[in-house]
Every structure is written in structure tokens, then in C-alpha cells.
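Single-structure report; data block below.
The values are calculated or read from the model by the stated rules, or taken from the named source; none is laboratory data. Owing to the predicted nature of the structure, the values given are computational and were not obtained by experimental measurement. Here the Cβ is made from the backbone with ideal geometry for all residues, glycine too, and neighbour counts use every protein chain on show.
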Amino acid sequence: MLIFFVFLWAHLGMLLLGLFLIRKKKQTLGRIILTIWLLLLTAPAAFLGIGFAALLIQAVLGVSPNRYTAILACIAVMAVSALLCLMWGVLKKKKVWITICVLSGILVLALLGNTAYDLYIRSIPKVGENDNLLYTYAPYGDDSKVYIPEEEPDIRFTEDIPRMDGATALYPIYSSFARMVYPKEVLTGERYDICSDEYLRCTKTPQAYENLADGEADIIFAAAPSDGQVEYAKKLGVEFELTPIGREAFVFFVNAKNPAEEITTEQIRQIYSGEITQWDELGVRGMGEIKAFQRSEGSGSQSTLQKLMEGKELMEAPKEDVVDMMAGIIERTADYKNYRNALGFSFRFYSMEMIQNEQIKLLEVDGIAPTEETIEDGTYPLTSEFYAVTRTDAGENTKKLVEWIQGEQGQDIVRGTGYTPLNAD
């Protein structure tokens, strides 16, 4: 409090001294003191204003405010400079007015241009993992799309219930499994019936494998683990057991307006290793550089891409700054944005059925389109199995659940949800 009063009286004293000197015809000295007073007064206010405006931009646009901070700082300098010019009486000169107006116009255009660009980028559809999809396939959610077979299940768990976890792309399947064989009361957690806190979770592939290795989950549903996930389990003395329960197509997609219709597996490797960088190299004219998006490390689709590369090193993935409530602004692998020159990948059901984004189209790979028929007969070249993953020391009920999933009722759920069961033939 004492420091505040000293600061306040010092400011007031400088103001009164400057005005007194000007009144006594000591114009230059008086204006110098008033200039120092003005700078001491406005600098903290300008700093706080820039910080507040930058935070507001970050909250509204969801972007890093770095570019805006520079522009706002220039605007603050312009405002203080105008006040100083007014104090020194130089604004009477026409040339000064012209300079101030031109610089102010440039700054306003820069601010508006950056805002318009970020709003445009924000308006471009994005394909990424979205928790809203969990509502759509919640086991007991309102208007849930989860598949419910007509017949009663052959098994039902009432004790020692296996804890499920897994990939978002496979959540519709294991949500249906849980709906069929688990008591309703263990599936109605606090998250609006999306999933329970214990028996049905969807923490996404990387965290699900970690939970399984740590003993926080009994069975997860995902693509094959990455080398890093296997190594993490080994360090804990844990070994995974992978049981195939269905087939799915690994697909590549582009903006619906992109004239590209197909791609080869070798071209995919060349694109994601950085050997091919332009759409022209693929015979697609006028699309410029290929903006090849990737997924976060450890995700099922990223691990599948790494296996597809057959030893070729992946180029660095596009990055984006995101706002994290705990860590502030952090950099992460960018989700697919549907630019005209973009290329992305995922699994077929996730990209077409769960996203239902009519602004993207799937590419043929090696001349074969990823359809239900080509997945079933194995002609689509990037067809892969997905798994119920357990630990080799899994409990008896977990083993019974895996057996049921492999059986007729479990495979019916795989098909009924929209995937290709193993017994499709």
C-alpha cells in the first residue's frame, strides 16, 4: 500500500511540476517532465491492454496471439506517440498528420487481415478425434446409434467385470459389446451416459495401451501397438496378446474438389517421406504443394502409416499451436484440415460413418476403392485387422469376453456396427 501511495504522489508531483514550468514559460523543461510522466503513466496501461487483447484473441479465435501481440504493440506505440506529438504541439504540421494516418491505416489493415485469415482457417472443416462422437454411440445415450442385436447375449457379467478402453474409431463396437453383456448400472457414469468411469472408457489408442500395461484396463480395442507401446509394456514386465476381431480399411482422403481419384502405395511412401511434395508430380494440375497431414504419435492410424512406410523415415508432421488450460499454448501434431491441397488418412468407418464429412473423398489405392466388398474379399491393398488386446495374464472373465467377441454374436455386432467381421466369408 505504501508503494502505491508513493507511486501515486510521484506521478501527481511530476504532472504539477511540468504544468508549473510551462506556466512559468519554461516550455522545453516542462514538456520533457510531462513526457516522462506520460510515458510512466501509459506504458503499464498499454502493456496490460496488449496482454488483455491478446488473451481475448486467443480465446475467441483459438490461435496463438503472437502475430497480434506485435500489431497491438505497434498500435500502442502509435497512440503514445500521438499523445506526445499533441503535447509538443507538432500535430499542427500537416506532414505529421499524414504520417500518423498512413501508419494507423497500415496497422488497422494488418489487424483486420490477420483476423480475416484466422477466421478463414477456422472455418475449414477438420477431421480429428472428437469427444462428441462418443455421445452418438453411447450405450444408453439419448438417440444413441449404438447397434443393439435383437437376441439375448450368451453371456452376462455381474462380477469381476472386465474394464474396457480403446480407440475412438472403434468405440461404436465396444460400446455395443458393453451394452449387451454389462449391467446397465455400471455403464451410466457421470459423463452423460457416454461411458462409465471404470468399466467403459475411451481414452484413445496411446493412453489405452498405457492403461492396459499399467493394469488400469483389462481389455482394449485398437489397431496393433507401436514399437514404443510394446517397449513400454516390456519395461513393466507385461506382454500384450492381440486377438483379431474384425477388418478395416486404412484409407487416404482429399478435399472433395481435388481432381485426384487414386494413389499408389509407393506414392504414399514417397509423399510421407518427403520425396514427392507437389500434386503435379502425381499428375494433378493446379493444386500446388501437397499438405500431407499426420496423426499424433502412438495413435492407431499413425502406427499403421509407420508400418506402411516399410522402413522409410517419415517427414516431420505439420504442427499447430493449441491452447491447453494447464500448460498454456503448446505445440502438437495438427489435425487434418480440409484445404484444397490437403491429404489425410484414417480408417474407413471413422472417416465416412462417424465423421460423415461430405467435403472429403476417399482415394482408390493401387486402383482399388475401399468398399465393404473389397475389404471383405481382401482386394483392397490396405485392409488390416483390428484387435481385442489383453495382457497374457488376463483374468478368466476377460478371456470369456474375448471368446464371445470371436463368436457369432460378437461378430454380428462388428458387422451390424458397420465394420467387416472376420467371418465375413
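Being crowded, with 22+ Cβ neighbours inside 10 Å and either at pLDDT below 90 or outside any loop (DSSP other than H, G, I, E, B) (or both) is true for just one of Tyr171, Tyr140. Which residue is that? Steps first, answer last, please.
Values: Tyr140 fails: crowded, with 22+ Cβ neighbours inside 10 Å.
Only one candidate qualifies: Tyr171.
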Requested in this report: Would you be able to tell me the number of residues in segment 365-386 that are buried (at least 21 other Cβ atoms within 10 Å of the Cβ) and under 25 Å from Asp154 (Cβ atoms)?
Outcome: 1
Requested in this report: Give the residues of segment 223-252 that are farther than 18 Å from Gln294 by Cα, of a type outside the set (Val, Ile, Thr) and outside any helix (DSSP H, G or I), sorted by residue number.
Outcome: Leu236, Gly237, Glu239, Phe240, Glu241, Leu242, Pro244, Gly246, Arg247, Glu248
Report task. Would you check which residues across segment 394-403 are assigned to a helix (DSSP H, G or I) and surrounded by fewer than 19 Cβ atoms within 10 Å (Cβ to Cβ) and list them? Result -> Glu396, Asn397, Lys399, Lys400, Glu403
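Conditions tested, residue by residue: (1) under 21 Å from Tyr137 (Cβ atoms); (2) touching a strand residue (DSSP E or B) at 6+ places or on another chain (Cβ under 6 Å).
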position: Phe349; (1), (2): yes, no
position: Met352; (1), (2): yes, no
position: Ile360; (1), (2): yes, yes
position: Tyr387; (1), (2): yes, yes
position: Thr398; (1), (2): no, yes
Query raised in the report: Which residues, counting only those in segment 183-205, are under 24 Å from the mean Cα position of the chain (by Cα), in a loop (DSSP other than H, G, I, E, B) and modelled with pLDDT of 85 or more?
Result: Arg201, Cys202, Thr203, Lys204
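Determine which member of the set Ala369, Ala394 is of a type in the set (Gly, Ala, Ser), assigned by TED's automatic domain parsing to the domain that holds Val181 and free of Cβ contacts under 8 Å to residues at least 60 places away in the same chain. Steps first, answer last, please.
Details: Ala394 fails: free of Cβ contacts under 8 Å to residues at least 60 places away in the same chain.
Checking each option against the conditions leaves just Ala369.
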Requested in this report: Would you check if Thr333 is at pLDDT 85 or above, touching a strand residue (DSSP E or B) at 6+ places or on another chain (Cβ under 9 Å) and surrounded by fewer than 18 Cβ atoms within 10 Å (Cβ to Cβ)?
Outcome: no
Query raised in the report: Of all residues in segment 372-393, how many are in a loop (DSSP other than H, G, I, E, B), touching a helix residue (DSSP H, G or I) at 6+ places or on another chain (Cβ under 9 Å) and either of a type outside the set (A, V, I, L, M, F, W, C) or modelled with pLDDT of 95 or more (or both)?
Result: 3
Report task. Look at segment 259-290 and say how many of its residues are under 17 Å from Pro318 (Cβ atoms) and buried (at least 18 other Cβ atoms within 10 Å of the Cβ). Result -> 7
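Return the residue satisfying two criteria in turn: it lies in segment 146-168 and is surrounded by 16 or more Cβ atoms within 10 Å (Cβ to Cβ) and of a type in the set (A, V, I, L, M), and of such residues it is nearest to Ser226 (Cα to Cα). Even if it seems obvious, please write down each step before you answer.
So the first thing to find is which residues in segment 146-168 are surrounded by 16 or more Cβ atoms within 10 Å (Cβ to Cβ), and the list is 146-147, 153, 157, 161-168.
Restricting the remaining residues to those that are of a type in the set (A, V, I, L, M) gives 146, 161, 164, 167.
Numbers: Val146: 29, Ile161: 27, Met164: 20, Ala167: 14 Å.
Per the criteria, the residue is Ala167.
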Report task. Give just the number: which of (1) under 23 Å from Thr374 (Cβ atoms); (2) touching a Phe, Trp or Tyr at 6+ places or on another chain (Cβ under 7 Å) does Leu308 not satisfy? Result -> (2)
Query raised in the report: Which of the following residues is in contact (Cβ under 8 Å) with a residue 24 or more places away in the chain and either part of a helix (DSSP H, G or I) or closer than 22 Å to Lys145 by Cα (or both): Ala260, Ala178?
Result: Ala178
